[in-house]
Amino acid sequence: MEIRQIAADERTDTMFPLQTYAFMPSPWADAERETYAKRMVFYRTVTSLIAEEDGQTLAGVAAFPMRQNVRGVVHDMAGVASVSSHPAARRRGLVRQLMGRLMLQMRDQGCAVSALYPFRPSFYGKLGYVGVPRVRTATFAPEGLSHLLKADLPGEVDRLHLSEGFDEYDALTLRQLEERHGFSVYDETRTAEFRESPSLWVAIARVDGEVVGAVTYRIDQYGGDLVAGDLLTTGALGRALLLQFFARHTDQVARIVLKIGTDEVPELWGTDFAVLTEGRVELPRRGAPMVRLLAIDALNGLHAGAEAAVTVEVVDDELIGGRYRITGDAGRLAVEATKDEPQATLTCAGISALAYGVLDPVEVVTRGFGRVEAPAVEALGVLFPQQMPYLFADF
Ligand SMILES: CC(C)(COP(=O)(O)OP(=O)(O)OC[C@H]1O[C@@H](n2cnc3c(N)ncnc32)[C@H](O)[C@@H]1OP(=O)(O)O)[C@@H](O)C(=O)NCCC(=O)NCCS
């Protein structure tokens, strides 16, 4: 068996049959192969690795070059996708080997962090990844927000085809990348594919010409659902403008179905407001995303808690294993290698969970991601206060 990196235009003959068999209804028609081949222009910057034996492709993995905000610092991120193996070649360790090579290569290419959507989290847990929140949906009747129709808000909302509003929408996602913990975006090559999405509207909220919110959506039928993408806003006014826009769809659609982060509390959007807020995780199709650090340097500069210091040993990981002194100073973290005795022993999943703000140090221990001496529990809690990330990108 040999592992080989392939170019985008080789994916159609090698990875397409594996991916399509694994993830799509099949058998597939020739037209699907052609559609896939055409899309590969948007995959030119993807790192794709395959495992081959006697000229046959047995397994493949890939990483999109992306960027992600981790506690205020924007890192290059490897967005892992296209993971599949031939049924006859499964359980031979091929994907484990491919993933090992991919993570190493992406780290060497400058990616400090990585994220993916798992078919089964425990599979990627063995590779150092840890879960972060899945996007929520809020489902409500537009008339529930009718009080907003009376509000005189200092701004306006434009409805455009996504192709027309794409530049403004994209600019808002780049602003969210700078401002929102966990937020991640594709590079320009891959992003260009979304510009061509023909069948979505985008509602853009502006105040004095400045974009303060945007949401993509489609309407499935008269009297049916308005199905919206992620609610992207720079603050309360952007949110109010977009919700007011949804309220204007009373008697046109029965329900609005909107994607939101864990920090949104829809029951506070109105009085007498009936809403269902759901975070549905189902396997293998709707896993909550997972993340990991690919380089320990990713901790440097993170906006974190007050002054504290702790020595940790990261174990069982080729990429970030070692002993480190982590200090917080004026709200920023710094990390350096040390030979001191550790006060906490953490797996990659454990330190990643702390870095991303998803688990408290006690939960890191109870989840089996390490051991922490009593005084270090408090120090780690101060250095890594909980803060839920919002991933945004779906891949
Ligand atoms: C999931 C899939 C990619 C695994 O590939 P594979 O080459 O069989 O995986 P490996 O042999 O490298 O297995 C690595 C480890 O995961 C375990 N594993 C493999 N498949 C697993 C599964 N379905 N559930 C739980 N563990 C699994 C293996 O036992 C092995 O454990 P070990 O490291 O302790 O020995 C393959 O089964 C597949 O293509 N499935 C359909 C598509 C899919 O779900 N892709 C994943 C998208 S996120």
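The values are calculated or read from the model by the stated rules, or taken from the named source; none is laboratory data. In this text, all values refer to a predicted model and were calculated from it rather than measured experimentally. All Cβ positions, even for glycine, are placed from backbone atoms using ideal geometry, and neighbour counts span all protein chains on display. Heavy atoms of the whole protein, side chains included, go into the accessibility calculation; ligands, DNA and RNA do not. Shrake-Rupley method; radii C 1.70, N 1.55, O 1.52, S 1.80 Å.
Which whole number in µm²/s is D for region 2-116 by Stokes-Einstein, with the Kirkwood Rh taken over Cα pairs at 10 °C and 1.306 mPa s?
108 µm²/s
In whole Å, what three semi-axes, largest first, describe the equivalent ellipsoid of the chain built from its Cα gyration tensor (square root of 5 times each eigenvalue)?
Taking √(5λ) for each eigenvalue gives 36, 31, 18 Å, largest first.
With a 1.4 Å probe and all protein chains left in place, how much accessible area per residue does region 269-389 have, in Å²? Write down the numbers at each step before the final one.
Numbers: 5840 Å² over 121 residues.
Accessible area per residue, region 269-389: 48 Å².
What's the ranking of 264-273, 287-296, 7-16, 99-108 by average number of surrounding C-beta atoms within 10 Å, highest first?
The densest-packed peptide leads the list: 287-296, 99-108, 7-16, 264-273.
What are the lysines whose alpha-carbon lies under 29 Å from the alpha-carbon of K259, with same-chain residues fewer than 8 places away excluded?
Counting by Cα, and skipping residues close in sequence, K259 has these lysines nearby: K150.
Less than 13 Å Cβ to Cβ from D329, Lys/Arg counted +1 and Asp/Glu -1: what total charge do the surrounding residues give?
Within the 13 Å Cβ shell, the charges total 0.
Semi-axes, largest first, in whole Å: what does sqrt of 5 times each Cα gyration tensor eigenvalue give for region 136-278?
They are 24, 17, 15 Å, listed largest first.
What's the carbon and sulfur percent of the chain's accessible surface, probe 1.4 angstrom, rounded to a whole number?
Answer for the chain is 48 percent, counting heavy atoms of protein chains only.
Around A308, which amide H atoms from residues at least 5 apart in sequence, or from another chain, sit under 5 Å from its own amide H, with H modelled in the peptide plane?
G328
Restricting attention to region 172-256, which chymotrypsin sites (Phe, Trp or Tyr not before Pro) occupy a DSSP loop and are surrounded by at most 16 other Cβ atoms within 10 Å?
Passing both the DSSP loop test and the Cβ count: Y222.
At 222 nm, what value in deg cm²/dmol follows for the chain if DSSP H runs of at least 4 each add -39500 (n - 2.57) and the sum is divided by all its residues, to the nearest 500?
-8000 deg cm²/dmol
Residues with beta-carbon under 13 Å from that of L149, excluding L149: net charge, scoring Lys, Arg +1 and Asp, Glu -1? Mind showing how you got there, number by number?
Values: positive: K150, R248; negative: E143, D152, D251.
Residues near L149 contribute -1 overall.
Sort out for me the Cα centre separation of region 131-207 from region 270-286, rounded to whole Å.
Cα centres, region 131-207 to region 270-286: 19 Å.
Which peptide among 83-93, 378-388, 364-374 comes first, and what is the full order, when sorted by highest mean count of other Cβ atoms within 10 Å?
Going from most to least packed, we get 378-388, 364-374, 83-93.
Over region 68-184, average the accessible area per residue using a 1.4 Å probe and give it in Å², no decimals.
44 Å²
Going by amide H atoms built from the backbone, whose H comes under 5 Å of the H on H86, apart from near neighbours?
Hits under the 5 Å cutoff: A59.
On a C-alpha basis, how far is the centre of region 1-79 from the centre of region 82-123 in Å? Whole number, if you could?
A separation of 12 Å, based on Cα centres.
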